[in-house]
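**Student:** I have a structure I would like to understand better, so I am pasting it below and will then ask my questions one at a time.
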Amino acid sequence: MEELRISEYDYPLTDERIAKYPLPQRDHSKLLVYRDGQIAEDRFYNVGDYIAPNSLLVYNNTRVIPARLVSSTNGCTWKCMIGNLKKWKSGALTNGELHAERLSTSGNTHEVHFTWDNPNLSFAQLLEAQGELPIPPYLNRKTEESDKTTYQTVYSRIKGSVAAPTAGLHFTQKVLEDLRQRGIQTTELTLHVGAGTFQPVKTEDANKHTMHT
């Protein structure tokens, strides 16, 4: 197999070029148009002008969650990605009534056992209360309350992703209705985005990178 060198895909992306927050009206985002070798610019609310009639658009209806939901009230064990691992020397960590004990390491994941004080609460309820929506790390900011709405597609329904299928974030109900009126067909599938989206390729040859399931 031909070597696929990661270095050939490097490009500068300075912090001021990164949009930290979406536009108030998400369908007003820029739309890059490539047609007949020419590049032009439009706004996303005009996307229907560039889609042929009788086309079929397939939407990923997955919904981002604070973390994977596990309905347990007695304790549970997860394989986790841990930031700032060097600060976790040993022993259990406590956040309110939630306690975490690191058990073992396998590659870049760590097995962590969670317990909590209130037996009437499930782990899912604790995550909803204490978990954060995991926004892309390149945004270089903390998760905010508004992300619970803006970092979801308007057609998201099935909980299970740790990141949004970002290609669909610019759609609005108005755009979807415009597409329906144009006779463009739609259907849905559910494809949850896994933790691998937060794991950079560390091998020089991309063919040797192990993808997260």
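**Student:** Can you tell me which of Thr186, Thr143, Thr210 is in a strand (DSSP E or B) and not charged (D, E, K, R)?
**Tutor:** Thr186
**Student:** Regarding Val58, is this residue of a type in the set (A, V, I, L, M, F, W, C), closer than 30 Å to Glu188 by Cβ and assigned to a strand (DSSP E or B)?
**Tutor:** yes
**Student:** Residue pairs, Cβ under 7 Å, 6 or more apart or interchain, first in segment 140-159 and aliphatic (A, V, I, L, M), second open to solvent by 60 Å² or more (accessible area, probe 1.4 Å) and part of a loop (DSSP other than H, G, I, E, B). List them.
**Tutor:** These pairs meet every condition: Ile158/Thr190.
**Student:** Taking segment 1-31 as the region of interest, how many residues are in contact (Cβ under 8 Å) with a residue 24 or more places away in the chain, closer than 23 Å to Asp42 by Cα, open to solvent by 100 Å² or more (accessible area, probe 1.4 Å) and of a type outside the set (Ser, Thr, Tyr)?
**Tutor:** The number of residues fulfilling the criteria is 1.
**Student:** Give the residue that is nearest to Ala164 (Cα to Cα), with candidates limited to residues of segment 193-209 that are among the β-branched types (Val, Ile, Thr) and in contact (Cβ under 8 Å) with a residue 40 or more places away in the chain.
**Tutor:** That would be Val193.
**Student:** Further question on the same structure: Please go through segment 121-141 and give me each residue that is under 16 Å from Ala19 (Cβ atoms) and surrounded by fewer than 16 Cβ atoms within 10 Å (Cβ to Cβ), ordered by number.
**Tutor:** If the condition is that a residue be under 16 Å from Ala19 (Cβ atoms) and surrounded by fewer than 16 Cβ atoms within 10 Å (Cβ to Cβ), then Pro136, Pro137, Tyr138, Leu139, Asn140, Arg141 are the ones that fit.
**Student:** Can I ask one more? What's the number of the only condition in (1) among the basic types (Lys, Arg); (2) within 30 Å of Phe44 (Cβ to Cβ); (3) touching a residue at least 12 places away in the same chain (Cβ under 8 Å) that Arg102 fails to meet?
**Tutor:** (2)
**Student:** Is it the case that some residue within segment 46-64 is under 21 Å from Thr197 (Cα atoms) and at pLDDT below 90?
**Tutor:** There is at least one residue in segment 46-64 that is under 21 Å from Thr197 (Cα atoms) and at pLDDT below 90.
**Student:** So in segment 151-178, with the set limited to residues that are open to solvent by 20 Å² or more (accessible area, probe 1.4 Å), β-branched (Val, Ile, Thr) and within 12 Å of the chain's Cα centre (by Cα), which one is nearest to Glu188 (Cα to Cα)?
**Tutor:** The selected residue is Thr166.
The values are calculated or read from the model by the stated rules, or taken from the named source; none is laboratory data. From a predicted model like this one, the values you see are computed outputs, not experimental measurements. Note that we place each Cβ from the backbone using ideal geometry, even for glycine, and neighbour counts take in every protein chain shown. Remember, those area values only see protein heavy atoms, side chains included, never the ligands or the DNA or RNA. Shrake-Rupley method; radii C 1.70, N 1.55, O 1.52, S 1.80 Å.
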